[in-house]
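*Asks:* Supplied in structure tokens, the structure appears directly below.
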Amino acid sequence: MNFEFKSLSLTAAAKSPSDHLIVLISDQFQAGKDPISLLFEKALKAKDFSSKAGKTLHAYALSGVSASKLSLVGIGEGRAADVKIGLAGVVASMKAAGTTKSTLVFAGLTSRQSVQAAVMAMADGTYAYATTLSKPNPRKLTQVTLGVQNVNAELKSAFTAATAMAQGIEFAKEWANRPANHATPTLLGKAAQSLAKSQKITCDILGPKDVAKLGMGSFMSVAQGSAEPLRFIVLKYQGAPKTEAPIVLVGKGITFDTGGISIKPASEMDEMKFDMGGAASVLGVFKSLSVLQPKVNVVGLIPSCENMPDGMAVKPGDVVTSMSGQTIEILNTDAEGRLILCDALTYAERFKPKAVIDIATLTGACVIALGAIRSGMFATEDGLASALSQAGEEAMDLCWRMPLDEDYAESLKSNFADVANVGGRAGGAITAAKFLHRFAKKYPWAHLDIAGTAWKGGAAKGSTGRPVGLLLHYLLSQQVSPSSKTAAQKIGK
Ligand code: BES
Ligand code: MN
Ligand code: ZN
């Protein structure tokens, strides 16, 4: 899908050639003398339309309008949420009708937020999964022109970031949606390698022998019950000078979670193909980075394997040694995410990172705590926590900070190892975070539990691509600017 951004008056929009012209009308809109304004005024008078968010009016073959279909869409105050509400229905009808070319124009005020919301609504609403369908119904929309009254640098940069973000979200959705037999650890590795075609991105894939050499006994114990070989994916994006410490993203890449010997019930177990949602979000972010090329250094780490029950599988009560040297008593083999992440968190130390953020579909308890609206966010530093919260707000990809008090670690005590991999049921999302915290002492660290937000169940079953938006906005906020250069850099030493 190709997005174009330009200045477009309503008079010009009426003449622009497309199948479907959508006019976003905010409360401040002042009608002019063009055919769209005239329709607006008539509809307003007849009480068939207003600028209230979510109101729509459709017209067909309207005289003076080139597009065969015209939709007026109310967006109220023009906030991002208003644009999202306003466009939801229109974009769904566009998908059903198979529209190929559409023009969206803001009549009245425009902001960074509303431009991003419009791009997201178009991309998100027309996405169609195709990979494993014999008769796929792929997206028909190929060309979207987004018009504002006056293009300026601020709106243009918001538009560019939003289209890059949309591509990253789509990449994440695509990989998360693929069934486990079409998204094995090996195939995830290939997806990561395909991103390294971009100049600024490199990719290394470690296999079982490399991981054994590193001493990742915890990660290996999860993989040992599966016939699929594990992969440890290392992606690097260099957009800033090498001297800038990178931000490390660690994505949980369990391509299928049966629970292992502590096996899960059968109902809805298919959804455990989404247990690599964290990994998919890291791949998605790298996709966006490859498009946008911001001035920041990023490392992506993806420990990936299946969690299967088998004669070789790890058993409840087994004790394993993690890469950090800490021993772990595996009381429940279904708490496998933390077992693969802890070794990746130790591996992350070698990059002397500015911050490490892990992203994981980690606990059912987080779904109970926060539902599908906000991801759980844990952070060891207030600055990191507020930067992530703000990034979530900007991207409309919300999170909520949860606690990391030491008292929550009590229940992880073990008689046979340094730590147990589960506590009790109470505060399950927090005890999981406290387990990870033991392995993240050498850098500022945050953990995003996306168990409730990474995918939707039911009739609309599918990946959401979250939290690619949040992560990308965070990374963009961490770019090196010339003013933040050290004195030595400024004078060119
Ligand atoms: N992948 C699951 C978490 C999950 C469950 C995400 C349901 C989304 C929906 C994770 O590996 C898991 O099984 N966690 C256990 C931990 C428990 C054994 C302490 C859980 O949440 O039940
Ligand atoms: Mn599990
Ligand atoms: Zn899992």
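*Asks:* Could you tell me what percent of the accessible area of segment 173-491 is made up of carbon and sulfur, with a 1.4 Å probe and every protein chain present?
*Replies:* C and S fraction of accessible area: 54 percent.
*Asks:* Going through segment 130-225, which trypsin sites (Lys or Arg not before Pro) have at most 11 other Cβ atoms within 10 Å and a DSSP loop state?
*Replies:* In loop regions of segment 130-225 (DSSP not H, G, I, E or B), the sparsely surrounded trypsin sites (Lys or Arg not before Pro) are 197.
*Asks:* Right, something else. For segment 1-150, which whole-number percentage of the solvent-accessible area (1.4 Å probe, protein heavy atoms only) is attributable to carbon and sulfur atoms?
*Replies:* 54 percent
*Asks:* So which trypsin sites (Lys or Arg not before Pro) in segment 344-430 are both in a DSSP loop and have at most 14 other Cβ atoms within 10 Å of their Cβ?
*Replies:* 413, 425
*Asks:* When ligands, DNA and RNA are left out and all protein chains stay put, how many square angstrom of accessible area per residue does segment 227-361 have with a 1.4 Å probe?
*Replies:* For segment 227-361, the per-residue accessible area is 31 Å².
*Asks:* Once you mark the GluC sites (Glu not before Pro) that are in a DSSP loop and have at most 15 other Cβ atoms within 10 Å, what is the longest gap between them in the chain?
*Replies:* Counting at most 15 other Cβ atoms within 10 Å as exposed, the longest clean stretch of the chain is 78-267.
*Asks:* Measure nothing fancy, just the Cα-based angle from helix 277-292's long axis to the longest principal axis of the chain, in degrees from 0 to 90, nearest 10.
*Replies:* 50 degrees
*Asks:* Among the aspartates and glutamates, which have Cα under 13 Å from the Cα of residue 295 when same-chain residues fewer than 8 positions away are ignored?
*Replies:* 244
*Asks:* Additional query: Could you tell me the center-to-center distance, by alpha carbons, between segment 57-84 and segment 333-356 in angstrom?
*Replies:* 48 Å
*Asks:* Grab every C-alpha pair in the chain, bin the distances at 10 angstrom width from 0 up to the longest one, and report whole percents.
*Replies:* Pairs per bin, as whole percents: 4, 19, 28, 22, 15, 8, 3, 0, 0.
*Asks:* Let me ask something additional. For an R0 of 45 angstrom, estimate the FRET efficiency from the Cβ-Cβ distance between residue 209 and residue 459 and round to the nearest 0.05.
*Replies:* So the FRET efficiency works out to roughly 0.55.
*Asks:* How far, in nm, would the chain grow between residue 327 and residue 381 when pulled straight, counting 0.36 nm per residue and subtracting the alpha carbon separation?
*Replies:* The residue 327-residue 381 span can extend by a further 16.8 nm.
*Asks:* Quickly work out the residue 43-to-residue 77 label distance, labels modelled 7 Å from Cα along the C-beta direction, and quote it in nm with one decimal.
*Replies:* Between residue 77 and residue 43, the simple spin-label model gives 2.3 nm.
*Asks:* Quick one: if you take sqrt(5λ) for each eigenvalue of the C-alpha gyration tensor of segment 2-149, what semi-axes come out, biggest first, whole angstrom?
*Replies:* Computed over segment 2-149, the values are 25, 16, 14 Å.
*Asks:* Quick check on segment 375-480: of the DSSP beta bridges with both residues there, what percent are antiparallel, nearest 5%?
*Replies:* 65 percent
*Asks:* Using only the alpha-carbon atoms of segment 298-349, report the extent along each of the three principal axes, biggest first, to the nearest angstrom.
*Replies:* Rounded to whole Å, the extents work out to 38, 22, 16 Å.
*Asks:* Quick one: work out the % antiparallel among DSSP beta bridges in segment 2-149, nearest 5.
*Replies:* Here the share of antiparallel DSSP bridges comes out near 20 percent.
*Asks:* Report Rg/Rh for segment 272-422, rounded to two decimals, where Rg is the Cα radius of gyration and Rh the Kirkwood radius.
*Replies:* With Rg and the Kirkwood Rh in hand, the quotient comes to 0.97.
*Asks:* What do you get for the angle between helix 337-348 and the principal long axis of the chain? Use alpha-carbon atoms, 0 to 90 degrees, nearest ten.
*Replies:* 90 degrees
*Asks:* Next up: Once you list every other residue whose beta carbon is under 14 Å from the beta carbon of residue 97, what net charge do they have if Lys and Arg are +1 and Asp and Glu are -1?
*Replies:* +4
*Asks:* Follow-up. Give the angle, between 0 and 90 degrees and rounded to the nearest 10, that separates the Cα long axis of helix 80-97 from the longest principal axis of the Cα atoms of the chain.
*Replies:* 80 degrees
*Asks:* Of all beta bridges DSSP finds with both residues in segment 239-331, what is the antiparallel percent, to the nearest 5?
*Replies:* 25 percent
*Asks:* Could you work out how much longer the chain between residue 6 and residue 160 gets when fully extended? Use 0.36 nm per residue separation minus the Cα distance between them, nm to one decimal.
*Replies:* 54.2 nm
*Asks:* Mind counting lysine pairs for me in segment 53-167? Cα separation below 25 Å, and the two need to be 8 or more apart along the chain or on different chains.
*Replies:* The result is 17.
*Asks:* Over segment 323-385, what portion of Cα pair distances is larger than 17 Å, expressed as a whole percent?
*Replies:* Above the 17 Å cut-off, segment 323-385 has 55 percent of its Cα pairs.
*Asks:* With contacts defined as alpha carbon pairs under 8 Å and 6 or more residues apart, what's the relative contact order of segment 343-493 in percent?
*Replies:* Relative contact order of segment 343-493: 35 percent.
*Asks:* How much accessible area per residue does segment 116-193 have, counting only protein heavy atoms and a probe of 1.4 Å, in square angstrom?
*Replies:* Result: 39 Å² of accessible area for each residue.
*Asks:* When the Cα centres of segment 268-287 and segment 149-212 are compared, how far apart do they sit, in Å?
*Replies:* Their Cα centres are 11 Å away from one another.
*Asks:* Given a 1.4 Å probe and the protein chains all in place, what does the accessible area of residue 100 round to, in Å² to the nearest 10?
*Replies:* Taking all protein chains as shown, residue 100 has close to 60 Å².
*Asks:* Report the FRET efficiency, 1/(1 + (r/R0)^6), for residue 315 and residue 100, where r is their Cβ-Cβ distance and R0 is 56 Å, rounded to 0.05.
*Replies:* Efficiency, from the Cβ-Cβ distance: 0.50.
*Asks:* When only DSSP loop residues count, what trypsin sites (Lys or Arg not before Pro) in segment 214-244 have their Cβ near at most 16 other Cβ atoms within 10 Å?
*Replies:* The qualifying sites are 242.
The values are calculated or read from the model by the stated rules, or taken from the named source; none is laboratory data. Treat the numbers as computed from the prediction; the structure is a model and nothing was measured. As a convention, Cβ positions derive from the backbone with ideal geometry for all residues, glycine included, and neighbour counts pool all protein chains shown. The area values use the complete protein model at the heavy-atom level, side chains included, leaving out ligands, DNA and RNA. Shrake-Rupley method; radii C 1.70, N 1.55, O 1.52, S 1.80 Å.
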